[in-house]
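Written out below as structure tokens is the structure these notes cover.
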Amino acid sequence: METLVDGFGRRFPYLRLSLTEACNYRCTYCLPDGYRADGGPKFLSLGEIQRLVRAFAALGMRKIRLTGGEPSLRKDLPSIIAAVSATPGVEKVAITTNGCLLPRHVAVWREAGLTALNVSLDTLDPARFAAITGHDRFTEVTAGVEQALGLGFDSVKLNAVLLRGLNDDELPAWSDYLRERDIAIRFIELMRTGDNKDYFERHHLRAESLERQLQEAGWVLGQRAPDAGPAREYSHPDYRGRIGIIAPYSKDFCAGCNRLRVTARGDLRLCLFADFGIALRPLLQADSDQDALVARIATQLGLKAAGHGLHQGKTGITPHFASIGG
Ligand code: SAM
């Protein structure tokens, strides 16, 4: 099956599937007051997820990322990983997690078929970590990452949201961390969402400023793989690890878009900041709806816009990333 292509010639081999909106962290830029259940419909069941992933794989999706909320809060996560990994056509099964349950579960996830792991770690300073996430779990997260590095994943990456005045002075500490570790850290520029306007104004920092520091320190920009994320990835002869920069406010960022998203309740989102969702759930109830599901996804792709409206302050219907999976 050919990969899905939109009206702007962009290809979509990559689906980000949210498994839950619930999160046990209270990240200051995302869910500062913690997750509160809204009494809405339940999150997708294993059977619904299987049908959904089968349809996307039939449309040429090769990489599925499980996200949330915090996906590791799902008790059936190993079964979900196994089902996604067994879907014909799926080659990569990745997860984005806050990492606090890694020591307990990461080996089981790997065994179930997980091929890539992204762990959110905004700082290398335990006190800052607790202040940003609302949880004193730095030790568990970093120990879990060490454990994961020995499990043979295709890739282990860290995500740090760049925050002015909170973690923007840590390049030396990260460089030390990367010296001997085969791991990539992605610095993600803080994005404005419906809920974080004031915080964004206080802490947003253009990623280009960090990128200039990297170039001055001898880091060199590499090539991007077709199903890779949007990071510009740098390497350096003196360091085993790599540094990626995700700069959503940069020119032409959306021209490289290669992913679609599905929320934990089965809405297709054509963009992280889309103004609307497309309900897929009614077509996830029976195998006999598979052709209709595939057709709905393919048709709706025609509505994908050329770019997000972040520069105009338009954040669409996304109040925070826990509602869509980042
Ligand atoms: N709970 C998981 C985790 O912590 O990785 C997965 C979901 S989380 C919403 C996915 C990623 O989005 C995390 O790396 C988080 O730091 C990032 N994120 C959340 N809000 C953001 C924002 N406003 N701007 C940039 N990144 C954000």
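Quick notes on this one:
- For S79, the conditions (1) open to solvent by less than 20 Å² (accessible area, probe 1.4 Å); (2) within 30 Å of R54 (Cα to Cα) are fulfilled apart from (1).
- In region 161-173, the residues that are more than 13 Å from the ligand (Cβ to nearest atom) and not in a loop (DSSP other than H, G, I, E, B): L171, P172, A173
- From the options V93, V108, residue that is touching a strand residue (DSSP E or B) at 6+ places or on another chain (Cβ under 7 Å) and at pLDDT 95 or above: V93
- Total residues in region 99-119, condition open to solvent by less than 40 Å² (accessible area, probe 1.4 Å) and within 16 Å of the ligand (Cβ to nearest atom): 11
- Verdict on G325 being more than 20 Å from the chain's Cα centre (by Cα), in contact (Cβ under 8 Å) with a residue 40 or more places away in the chain and on the phi > 0 side of the Ramachandran plot: no
- Complete set of residues in region 174-202 that are more than 10 Å from the ligand (Cβ to nearest atom) and in a helix (DSSP H, G or I): W174, S175, D176, Y177, L178, K197, D198, E201, R202
- Count - residues of region 29-57 that are in a loop (DSSP other than H, G, I, E, B), under 19 Å from G325 (Cβ atoms) and open to solvent by 10 Å² or more (accessible area, probe 1.4 Å): 14
- Those residues of region 58-69 which are within 16 Å of the ligand (Cβ to nearest atom), in a loop (DSSP other than H, G, I, E, B) and surrounded by fewer than 24 Cβ atoms within 10 Å (Cβ to Cβ), in sequence order: none
- Qualifying residue in region 157-166 (condition: over 17 Å from the mean Cα position of the chain (by Cα) and either among the polar types (S, T, N, Q) or modelled with pLDDT under 95 (or both)): no
- Looking only at region 185-206, residues that are buried (at least 19 other Cβ atoms within 10 Å of the Cβ) and closer than 16 Å to D122 by Cα come to 8 in all.
- Restricting the search to strands (runs of 3 or more DSSP E) fully inside region 231-326 and requiring at least 1 residues that are farther than 18 Å from F12 by Cβ and within 14 Å of the ligand (Cβ to nearest atom) gives 239-246.
- Check on E146, touching a residue at least 12 places away in the same chain (Cβ under 8 Å) and either of a type in the set (D, E, K, R) or more than 23 Å from T96 (Cα to Cα) (or both): no
- Qualifying positions in region 246-294 - surrounded by fewer than 16 Cβ atoms within 10 Å (Cβ to Cβ), at pLDDT below 95 and not small (G, A, S): K251, D252, D275, F276
The values are calculated or read from the model by the stated rules, or taken from the named source; none is laboratory data. Quick caveat, the model's predicted, so the values are computed rather than measured. Please note: Cβ atoms are built from the backbone with ideal geometry, for glycine as well, and neighbour counts cover all protein chains shown. Areas reflect the complete protein model, heavy atoms only, side chains present, ligands, DNA and RNA absent. Shrake-Rupley method; radii C 1.70, N 1.55, O 1.52, S 1.80 Å.
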